[in-house]
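What follows draws every value from the coordinates through simple rules; no lab data is involved. As the structure is a prediction and not an experimental result, all values here were calculated from the model. Note that we place each Cβ from the backbone using ideal geometry, even for glycine, and neighbour counts take in every protein chain shown.
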Amino acid sequence: MKNLVALALAAAAATGAASSAAAATFPVGSRNFTATEGAGGSFSGAFFNRGIRAGTFTDTFIFTLPMDGLGSGTVTTSVTDLGSVSDVDFTSVFINGVAAQITRTAGGAFEVAFVNNVPIVAGQLNRLVVNGLSRGNGAYGGQATFTPINSAVPEPATWAMMIMGFGVVGYAMRRRRVVFRPRQAI
């Protein structure tokens with residue numbers, strides 16, 4: 001009987017420990033992750049999580065874009081009283097496996113993770129992963145931007161228009177050719 005009670009207590013402790021580690025996935029378009037398309041195929045996005053229970057957490061924000069490009073982003077947290085239930089510490093932040101730099105100021109009351117010019121691949125599932133430690137009711141927020149990489153090779157329609165334009169300019173120059181005639185003395 002003692003072994004059964006010890007086993008039950010060990011299972012309860014393991015269950016309690018497992019519940020302190022939380023993992024969540026937020027696809028773009030969810031309440032926690034929105035994106036807006038802009039000029040030239042650019043996108044801007046906002047993401048957050050709040051009410052994070054005590055313990056370690058891993059939040060994954062997933063998205064797919066229609067063209068290759070570069071992404072940048074920041075994620076921040078702040079707290080009034082260090083160690084209070086609203087305190088969150090970032091342990092790591094990654095965009096597509098590229099680690100963001102984490103800066104802590106005011107003794108850790110303010111934390112900012114940022115990364116710039118991360119390759120974003122079209123048609124693939126891209127990931128922004130925030131890992132951290134919450135003390136009971138944590139929150140953080142961030143923003144991200146995406147700029148497509150424009151191809152240096154013009155499209156066929158652009159080539160056709162450019163060739164046609166050269167033809168029109170050449171024709172106009174030929175028609176306006178001035179014939180030089182010397183003046184006659186009177």
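What number comes out for the charge environment of S78, summing +1 per Lys or Arg and -1 per Asp or Glu over other residues with Cβ under 12 Å away?
In short, -3.
Whole-Hz ³J(HN,Hα) for each residue in the range 72-82, computed from phi via Karplus 6.51 cos²θ - 1.76 cosθ + 1.60 with θ = phi - 60°, x for glycine and proline: what do you get?
Working through the residues one at a time gives 9, x, 9, 9, 9, 8, 8, 8, 7, 10, 4 Hz.
For L82 and T25, calculate 0.36 nm times their separation in residues minus their Cα-Cα distance, and state this gained length in nm to one decimal.
17.8 nm
Output ³J(HN,Hα) for the range 132-141: one whole-Hz value per residue in order, computed from phi by the Karplus curve 6.51 cos²θ - 1.76 cosθ + 1.60 with θ = phi - 60°, and x for Gly and Pro.
Whole-Hz 3J(HN,Hα) from phi for the range 132-141: x, 10, 10, 9, x, 8, x, 8, 8, x.
From the phi angles alone, apply the Karplus equation (6.51, -1.76, 1.60; θ = phi - 60°) to the range 32-38 and give each ³J(HN,Hα) in whole Hz, x where the residue is Gly or Pro.
Karplus values, whole Hz, x for Gly and Pro: 8, 8, 10, 9, 10, 7, x.
Using the Cβ atoms and a cut-off under 10 Å, what net charge is assigned to the surroundings of G138, where Lys and Arg are +1 and Asp and Glu are -1?
Charge balance near G138 sits at +1.
Amide H neighbours of T25 under 5 Å, at least 5 residues apart or on other chains, H built in the peptide plane: list them.
Excluding prolines and chain starts, which carry no amide H, the hits are T60.
I'd like to know how the range 36-96 sits against the 2.2 N^0.38 Å rule of thumb: what's its Cα Rg over that expected value?
1.44
What is the distance in Å between the Cα centroid of the range 21-58 and that of the range 78-132?
The range 21-58 and the range 78-132 have Cα centres separated by 12 Å.
Around G136, which amide H atoms from residues at least 5 apart in sequence, or from another chain, sit under 5 Å from its own amide H, with H modelled in the peptide plane?
A54, G55
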